[in-house]
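Below: the structure, in structure tokens.
Bear in mind these aren't lab numbers, they're just calculated from the coordinates by the rules spelled out. Since the structure is predicted, the reported quantities are computational estimates derived from the model, not experimental observations. Neighbour counts run over all protein chains shown; Cβ positions are idealised from the backbone, glycine included.
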Amino acid sequence: MLRTGDTIGILGGGQLGRMLSVAAARLGIKTHIFEPSANPPAGDVAHHVTTAAYDDHVALTAFAQSVDVITYEFENIPAEALDVIEALRPVHPNRRALATSQDRMTEKAFLNGLGLATAPFANVENLDDLVKAIDQIGVPSILKTRRFGYDGKGQSRLTADTDPAAAWADMADAPSVLEGFIEFTHEVSVVAARTANGAISCFDPGENVHRDGILHTTTVPARLSPAQRTDAVLLAAKILNELEYVGVLGVELFVTPRGLIVNEIAPRVHNSGHWTQNGCVTDQFEQHIRAVAGWPLGDGSRHSNVEMENLIGDDVDRIPEIAGTATAIHLYGKADVKAGRKMGHINRVTGPAS
Ligand code: AMP
């Protein structure tokens, strides 16, 4: 169990690393960020920052030796980097959680193996595979890169009019997966935490609206029947237990008339869990720090209805107008405003929990 003054190493220095560092600091725990790019958002609030590439074994070794335990805030950590640090310090969540979520094929096979529904899918490594996959899965469907996709990047939608050769050319030979298009009524996610002792705390599911492939809002409570709410929470717990997971996990779900379908899992704190900062006594960032530090989880029950809105690109220019209606404004300290870049978010408490 970590004590005051101990240090958590965090791979990745984006906004999630920033908010994790703030949560850790509140508990008297230091953070050391490892991030390849200069001036990361987490750098403003962490105790130490190492600026080095993920293949810099000397830097990774020094980083690992300077901390007590290691976690990460994004899932595209190269396996070789993990090899280096894992030999020196505990890494949470574990390698299997990371490997499972890094590859959409592995992830879907894992979920189906647990009896959880996903979109129908087929592996695509060349044009031939794609033609066969379209035969098997049909259209509309979505072609996604197996690895390194985020915020809707590395994806193309296929319809009856799509030329498979053109669609395959767009993927630049990246191993891909063709997914059947799910006719969902809406999207929800469950953010849940597990400790090494197996204690689990699931936040109430949030309802997500995306714009241009990027999360726009999360609203709690989500529109779910009591049975769907129970299903969502139980399936998250099943995933956590199977992976012997330590930390916070995000599970994105499609709501359909035939039940919940898992879109993807993220082995980290999740954008759709930012509402917890103003809707729960213990938010997702503190929950993750507690789990990784070996502490008991806090109270993750929801006390308020909340709407979280992401501030993307020049949305931040609206701050003077929206500040009056926002319960809390969270800005990430990014110097350059770029289209599609997550610059911050606001939480609006809309009433007591209902
Ligand atoms: P992803 O990067 O897989 O999270 O996909 C981004 C967004 O694209 C999702 O949140 C959905 O809105 C949409 N999407 C992804 N996969 C599917 C699917 N198989 N069927 C319908 N919509 C999808």
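Quick rundown of the values:
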| read-out | value |
| --- | --- |
| Hey, SER21 part of a loop (DSSP other than H, G, I, E, B) and either touching a strand residue (DSSP E or B) at 6+ places or on another chain (Cβ under 6 Å) or among the polar types (S, T, N, Q) (or both) or not | no |
| Residues that are small (Gly, Ala, Ser), free of Cβ contacts under 8 Å to residues at least 24 places away in the same chain and assigned to a helix (DSSP H, G or I), drawn from region 78-97 | ALA79 |
| Residue check for ILE182: in contact with a Ser or Thr (Cβ under 8 Å, 6 or more places away or on another chain), within 12 Å of the ligand (Cβ to nearest atom) and part of a loop (DSSP other than H, G, I, E, B) | yes |
| Residue selected from region 189-199 under the condition within 23 Å of GLN102 (Cβ to Cβ) and buried (at least 19 other Cβ atoms within 10 Å of the Cβ), by the criterion nearest to the ligand (Cβ to nearest atom) | SER189 |
| Test: residue in region 248-264 that is of a type in the set (Phe, Trp, Tyr) and farther than 21 Å from ILE214 by Cα | no |
| From ILE214, ILE200, residue being hydrophobic (A, V, I, L, M, F, W, C) and more than 15 Å from the chain's Cα centre (by Cα) | ILE200 |
| Filter result for the condition that a residue is closer than 26 Å to VAL233 by Cβ and either buried (at least 20 other Cβ atoms within 10 Å of the Cβ) or free of Cβ contacts under 8 Å to residues at least 24 places away in the same chain (or both), over ILE289, ILE329, ILE312, ILE346 | ILE289 |
| The listed residue being without any contact (Cβ under 8 Å) to a residue 60 or more places away in the chain and under 21 Å from ALA193 (Cβ atoms), out of ALA266, ALA222, ALA227 | ALA222 |
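Here's the yes/no breakdown for (1) assigned to a loop (DSSP other than H, G, I, E, B); (2) surrounded by fewer than 19 Cβ atoms within 10 Å (Cβ to Cβ):
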| residue | (1), (2) |
| --- | --- |
| PHE63 | no, no |
| PHE74 | yes, yes |
| ALA99 | no, yes |
| LYS108 | no, no |
| VAL139 | yes, yes |
